[in-house]
Amino acid sequence: MAHTASSGSTATRGTPEPKEKQHTIALLVENHFGAFNRIAGLFAAKGYNIDSLTVGPTEEKEISRMTIVTHGDDQIIEQIVKQLHKLIDTIKVIDLTFEPFVERELVLVKVQSTTSTRAEIMQISEIFRAKVVDISPKTVMLEATGSQQKVDAIINMLKPFGIRELARTGRVALKREFQGEV
């Protein structure tokens, strides 16, 4: 794959290797048949990985918003952005990585539960402001939203109880408009 960093054997002293960084790219695309496939196909054809992908309608029904999380060095990300601009269905492409933005993920997690562990699971859900959305004699299902780090943290806190099932949306993000003090 063209985007994989070398193992370091060819790097010379004093020459830093390119640093891969996670990027959040927001796209506005025409809501047409095949638009999603063309974008996913671009990543597949170039050998780039998509870490997370969300897509949904916007305030205008003929336009969809996609949030793609990917990683690569500056040159790779620049190439991805240029290629996305060239696609026929693309209206706007923004690499939010260097902009102030708000991000959220949603997770539904079904955790094994007994009468002796239920109170501790509920306490964890309160700390993370998660909602109990389903309960049975053997499980509790929680809904949590927040940054990727928050979602990772609640999952890690629930692992010792035994996670039965997990569904995660991936990142949605919007550029922050107001910048400054209130």
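Just so you know, all these numbers are worked out from the coordinates, no wet-lab data involved. Note that the coordinates shown come from a computational prediction; the quantities given were computed from them, not determined experimentally. Positions of Cβ are backbone-derived with ideal geometry, glycine not excepted, and every protein chain shown enters the neighbour counts.
Lys92 label point, 7 Å along Cα→Cβ, cut-off 17 Å on backbone N: hits in segment 39-68? Backbone N within reach: 55-68. Residues considered: His32, His85, His23. Largest GNM mean-square fluctuation over the chain, using C-alpha springs under 10 Å, is found at His32. Loop by DSSP (not H, G, I, E, B), at most 12 other beta-carbon atoms within 10 Å: where is the longest site-free stretch of the chain for GluC sites (Glu not before Pro)? By the stated rule (loop sites, at most 12 other Cβ atoms within 10 Å), 63-176.
Not counting the cut sites, what is the longest span of the chain without trypsin sites (Lys or Arg not before Pro) that DSSP labels loop and that have at most 12 other Cβ atoms within 10 Å?
Details: sites that count: Arg13, Lys19, Lys61, Arg129, Lys138, Arg176.
Between the exposed loop sites, the longest stretch runs 62-128.
Could you tell me what fraction of 2.2 N^0.38 Å the Cα radius of gyration of segment 21-99 comes to, as a two-decimal ratio? Don't skip to the answer; put the middle values down first.
Numbers: Rg = 11.7 Å, N = 79, 2.2 N^0.38 = 11.6 Å.
It is 1.01.
Please name whichever of Thr145, Ala173, Ile77 sits farthest to the positive end of the charge dipole of the chain, dipole taken about the Cα centre and charges placed at Cβ: Lys and Arg +1, Asp and Glu -1. Result: Thr145, furthest along the dipole toward the positive end. Shape verdict for segment 102-175, please, from the Cα gyration tensor: rounded (a/c under 1.5), prolate (a/b greater than b/c) or oblate. Since a/c reaches 1.5 and a/b is larger than b/c, the shape of segment 102-175 is classed as prolate.
Cα-based radius of gyration for the chain, normalised by 2.2 N^0.38 Å, reads 1.26.
Round to the nearest 0.05 the FRET efficiency obtained for Ala153 and Thr115 when R0 = 25 Å and r is the Cβ-Cβ distance.
Details: r = 26 Å, r/R0 = 1.03.
Efficiency for this residue pair is about 0.45.
Derived value for segment 68-113: Kirkwood hydrodynamic radius 13.5 Å. Basis is the mean of 1/r over every pair of different alpha-carbon atoms.
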